[in-house]
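To start, the structure under review is shown below, and the notes come after it.
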Amino acid sequence: MSPTAPVPETGRIEAGVHRLPLRVYYEDTDAAGIVYHANHLKFAERARTEMLRCLGLDHTTLLARLGLTFTVRRCLADYLAPAFLDDRLLIETRLVRRGGASLELEQRVTRAGRLLVRLELRLALVSADMRAARLPAALRAALAPLAADPDRHRA
């Protein structure tokens, strides 16, 4: 194996896409060494969390400073091919649409360029009392690196 440049544990945002590399561990698999389907949702959640961290707005900061948090409103997953024990995966997260109180994301789980799982998500921004909340200006500004076409994502 040739050495590769280290990637920050938070992943990277490049060309409007957050990319987080992950390794499949024994705990992620079933008895056959195949990643259990629900663990792909965990991988995607981890990638979204690290994406926010890359933008300077991790979950703790969002809640402490703004009194806000994201919750999954909708999730559609297409499982196209299995992942296996010890695979190196890449989770890509793209902002598809920014609404007034929500984000629509596409997440892709790949192995060596092959698409394994595609997820479509709608995240709702809610206040501490779980009521829908509009995206504040600071959050909209923080999301700017994810918008390839900022006019496409108007609230």
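Nothing in this text is a laboratory measurement; each read-out follows from the coordinates by a stated rule. All of these numbers come straight from a predicted model, not from anything done at the bench. Counting neighbours? That spans all protein chains shown, and the Cβs are built from the backbone with ideal geometry, glycine included.
What the table below lists for this structure:
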{"quantity": "Prolate/oblate/rounded label for region 35-85 (Cα gyration tensor, a/c 1.5)", "calculated": "prolate"}
{"quantity": "Compactness of region 38-155 as Cα Rg over 2.2 N^0.38 Å, two decimals", "calculated": "1.09"}
{"quantity": "Cβ charges +1 (Lys, Arg) and -1 (Asp, Glu), total dipole of the chain, debye", "calculated": "580 debye"}
{"quantity": "Angle between the chain longest axis and helix 37-54 axis [Cα atoms, degrees, rounded to 10]", "calculated": "50 degrees"}
{"quantity": "Max mean-square fluctuation residue, GNM over the chain, Cα-Cα springs under 10 Å, options ILE34, ILE91, ILE13", "calculated": "ILE34"}
{"quantity": "The chain - mean residue ellipticity at 222 nm from DSSP helices (-39,500 (n - 2.57) per run, n ≥ 4, rounded to 500)", "calculated": "-5000 deg cm²/dmol"}
{"quantity": "Selected from GLU104, GLU14, GLU50 as most flexible by GNM, with the chain as the system and alpha-carbon contacts under 10 Å", "calculated": "GLU14"}
